[in-house]
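**Student:** What follows is a single structure, and I will ask about it in a moment.
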Amino acid sequence: MAPPKGYYCLYEIQACFSSESNHYGIYVQTDEGGVGQFFHVRCAVGKTGMMFERQYFLGPGPEALATFKNKTYIGIVKGEDLDRMADICSTIDAPETQFIDSTCQCGTWVDKVHGVLKAQGILG
């Protein structure tokens, strides 16, 4: 699906690092061939809790990762709003722990991001 000119498609990405652990994030495809940006929270090595990270894909998108499981379309964003989106993502508290019971908290963070982006009029 091609977005209107000046807009990019947003997707929720699910990856599977082990049989018991799924990881979630938001992927913005900025060009054909999978070029884009991945917004997520991850464990901070050597620290407690999780941290926000913005990653850039210069070649194949997340589908090329060995851990890739699923990609779900969630909407569009204006190209000019990408940095604003990153700023908003960085203000949403990263979870203090990766799991609460068996629920991976990166998915909870993604849900919060969806809500804020919609409320701010960024996610269309």
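**Student:** Please work out which residue is modelled with the lowest pLDDT, limiting yourself to the stretch 1-20 and to residues that are exposed (fewer than 14 other Cβ atoms within 10 Å of the Cβ) and in a strand (DSSP E or B).
**Tutor:** By that ranking, first place goes to 18.
**Student:** Shifting gears a bit: State yes or no: is residue 39 at pLDDT 90 or above, touching a Gly at 6+ places or on another chain (Cβ under 8 Å) and within 17 Å of residue 13 (Cα to Cα)?
**Tutor:** Considered against the rule, which asks whether it is at pLDDT 90 or above, touching a Gly at 6+ places or on another chain (Cβ under 8 Å) and within 17 Å of residue 13 (Cα to Cα), residue 39 comes out as yes.
**Student:** Being farther than 24 Å from residue 1 by Cβ, within 15 Å of the chain's Cα centre (by Cα) and of a type in the set (Val, Ile, Thr): is that true of residue 108 here?
**Tutor:** yes
**Student:** State which residue is farthest from the chain's Cα centre (by Cα) when the search covers only the stretch 58-101 and only residues that are within 19 Å of residue 43 (Cα to Cα) and of a type in the set (Phe, Trp, Tyr).
**Tutor:** Applying the filter and picking the extreme gives 99.
**Student:** Right, something else. Which residue out of 26, 100, 74 is modelled with pLDDT under 90 and touching a helix residue (DSSP H, G or I) at 6+ places or on another chain (Cβ under 9 Å)?
**Tutor:** On the way: 26 fails: modelled with pLDDT under 90; 74 fails: modelled with pLDDT under 90.
Just one listed residue meets the conditions, 100.
**Student:** Continuing with this model, one more query. Taking the stated definitions as given, is residue 55 free of Cβ contacts under 8 Å to residues at least 40 places away in the same chain and either in contact with a strand residue (DSSP E or B) (Cβ under 6 Å, 6 or more places away or on another chain) or basic (Lys, Arg) (or both)?
**Tutor:** yes
**Student:** Select from the stretch 44-103 the residues that are part of a helix (DSSP H, G or I) and of a type in the set (A, V, I, L, M) and write down the one among them that is surrounded by the fewest Cβ atoms within 10 Å (Cβ to Cβ).
**Tutor:** Taking the candidates together, the pick is 64.
The values are calculated or read from the model by the stated rules, or taken from the named source; none is laboratory data. Since the structure is predicted, the reported quantities are computational estimates derived from the model, not experimental observations. All Cβ positions, glycine included, derive from the backbone under ideal geometry; neighbour counts span all protein chains shown.
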